[in-house]
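Trainee: Just passing along the structure, written as structure tokens.
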Amino acid sequence: MDREERLAPAIRGVRGVVGVGPGRLGAEPAVSPALEKLAELVRQAEAKTRARKIEGETQHAAEQFRAAELRARKAVERLRVVRPASLRALEQADHEEQLLKDLMRKLAQFKSSLNSETDAERLIETSRAEIENARRRARADLEDVGRDVEEARRDLRTATDAYRNLRREIDRLQPELAEQFAVEDRLLWDAEAHFPGGQLQLLAHEVDAGMAAFGALGKLEQYARLKVWIGRFRHYQAAHDRDAEMTEELQALSHRVFHQLKFLSRTYEPGYIEAFRQDFSTDWAAYVAEAQEQLIQAVENSRRARDTSDPRDRDRDRDRPSTIGSRVVPHPSASISIPRGGTASLAELRSLVARARLPEEGLVEFLDLLKQTVEDVGPSHPELLRLALPFREHIAGENGLDILRRTLEGIQARRDQATLRDDNLDDDDDHTDEDEDEDDDDFEDE
């Protein structure tokens with residue numbers, strides 16, 4: 001124990017002794033000025049000691065939290081890969097078992113025509129063993145990945161609670177140190193996605209934050225953003241483990257999010273979105289990725305329109321809020337889902353891309369600023385994706401940069417596929433014209 005901590009109780013006890021004399025029993029004890037100052041010095045020393053101790057404990061808790069979040073993220077990603085494959089393996093085993101039973105019934109009917117009854121029995125036993133082994137491996141994989149996820153989530157919850165408690169102490173004792181833990185504070189938000197219903201809760205927070213400024217967006221951006229949200233909602237609905245984690249609270253939250261999205265669609269009418277139809281089904285991950293790319297293009301078109309418009313019109317539009325009924329809707333500069341400080345780093349990144357000759361010059365500064373922007377706004381922000389797409393080959397690392405790189409590669413791959421399809425269509429048109437030797441008018445009529 002530090003010397004200040006040993007002295008503190010004794011000094012504080014001075015108040016109950018000094019100044020208590022005859023005729024003053026029960027009255028407020030008087031403390032000499034020197035003792036009062038000494039007690040204050042001890043209190044300050046005690047607070048500093050406690051603050052240093054809390055800072056060290058918080059640093060340690062932050063390290064444990066980052067490690068637990070990484071383990072949970074990997075466990076959940078493995079679950080999303082292993083669970084569908086194992087379920088398909090179990091379904092295949094059931095199918096093969098039924099097929100084996102059918103063959104055995106037919107075999108009994110035509111048993112007299114067999115060349116070798118021994119070979120048939122051996123093949124039956126071999127098939128049974130293979131089916132049972134496949135079923136056993138699939139179940140073992142499910143149990144293993146489920147156990148790993150549960151342990152990772154339990155460790156993450158423990159680390160998250162410990163870090164939150166210590167962060168509150170930091171805010172109380174030394175609020176100026178909060179900036180040191182900005183990365184971990186943002187990671188707390190992402191960590192919730194690793195728990196049951198976390199993806200739905202993150203979507204609900206984003207929709208709540210974006211509803212106020214939705215009316216101030218252009219129609220194309222409204223359409224694309226709403227398509228991203230409903231796609232993520234349907235993706236969550238189609239998840240294999242959704243039913244297992246669907247509590248009454250999550251079910252109520254699911255209904256609320258869906259009605260909010262329907263409200264936005266009916267109120268602003270950005271365009272027909274087939275994902276609102278319950279009978280519509282698709283590859284939801286690809287659907288969201290395509291919608292994300294549409295959102296990037298919509299944001300880019302809006303930016304170009306603003307840049308080419310008259311400056312006086314831009315000032316007038318910025319000063320005039322959009323309204324719906326009696327509710328005031330902020331200007332698009334009000335962020336829809338950007339954390340605090342995100343607009344500043346995004347603006348710096350935009351300025352750097354505009355003035356630097358990337359990637360020949362300023363690449364290191366670009367990557368550092370890109371990392372900070374990813375931490376501020378997340379790796380899927382449409383403006384960030386637009387700025388980073390031309391330089392995707394130079395992006396590498398962790399803390400969201402790996403996710404950003406994969407997203408950019410997926411966007412570029414889809415663009416290349418679309419270009420290839422267009423080229424093939426052009427080639428087919430050229431061949432058709434050459435082979436059939438038709439006039440342009442005849443071709444248009446067909």
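Trainee: How much length would be gained if the chain were fully extended between ALA51 and ARG357, taking 0.36 nm per residue of separation minus their Cα-Cα distance, in nm to one decimal?
Mentor: Extra length from ALA51 to ARG357 when fully extended: 105.5 nm.
Trainee: Give the cross-link partners of LYS219 among the lysines, using a straight C-alpha distance below 22 Å as the criterion and excluding same-chain residues fewer than 8 apart.
Mentor: LYS227, LYS262
Trainee: Report relative contact order for the stretch 371-415 in percent, whole number only (criteria: Cα-Cα under 8 Å, sequence separation at least 6).
Mentor: After rounding, I find 42 percent.
Trainee: Going from most exposed to least, what order do ARG306, ARG50 have by accessible area with a 1.4 Å probe?
Mentor: Largest accessible area first, the residues go ARG306, ARG50.
Trainee: I need the calculated FRET efficiency for the pair THR126 and GLU192, taking r as the beta carbon distance and R₀ as 60 Å, to the nearest 0.05.
Mentor: Calculated value: 0.80.
Trainee: Provide the gained length on full extension for the span PHE258 to LEU87, in nm with one decimal, where the gain is 0.36 nm per separating residue minus the Cα-Cα distance. Working shown, then result.
Mentor: Numbers: separation 171, 0.36 × 171 = 61.56 nm, distance 2.85 nm.
Difference between extended and current length: 58.7 nm.
Trainee: Also, quick follow-up: Once you keep just the Cα pairs under 8 angstrom separated by 6 or more residues, what percentage relative contact order results for the stretch 138-239?
Mentor: That works out to 18 percent.
Trainee: Here is a follow-up. Between GLN59 and ALA413, take the C-beta separation as r, use R0 = 35 Å, and let me know the FRET efficiency to the nearest 0.05.
Mentor: For R0 = 35 Å, the calculated efficiency reads 0.30.
Trainee: Contour minus end-to-end for PHE276 and GLU348, with contour as 0.36 nm per residue of separation and end-to-end as the Cα-Cα distance?
Mentor: On the way: separation 72, 0.36 × 72 = 25.92 nm, distance 3.74 nm.
Full extension of this stretch gives 22.2 nm more.
Trainee: Report the charge-dipole magnitude of the stretch 63-136 in Debye, nearest 20, computed about the Cα centre from +1 at each Lys and Arg Cβ and -1 at each Asp and Glu Cβ.
Mentor: Dipole about the Cα centre, nearest 20: 480 debye.
Trainee: Within the stretch 121-138, list the residues whose amide N lies under 17 Å from a label point set 7 Å along Cα→Cβ of ASP102.
Mentor: Residues 128 fall inside that zone.
The values are calculated or read from the model by the stated rules, or taken from the named source; none is laboratory data. Source: prediction; values computed, not measured. Cβ atoms come from the backbone with ideal geometry, glycine included; neighbour counts cover every protein chain shown. To get the accessible areas, we keep the full protein, side chains included, count just its heavy atoms, and leave off ligands, DNA and RNA. Shrake-Rupley method; radii C 1.70, N 1.55, O 1.52, S 1.80 Å.
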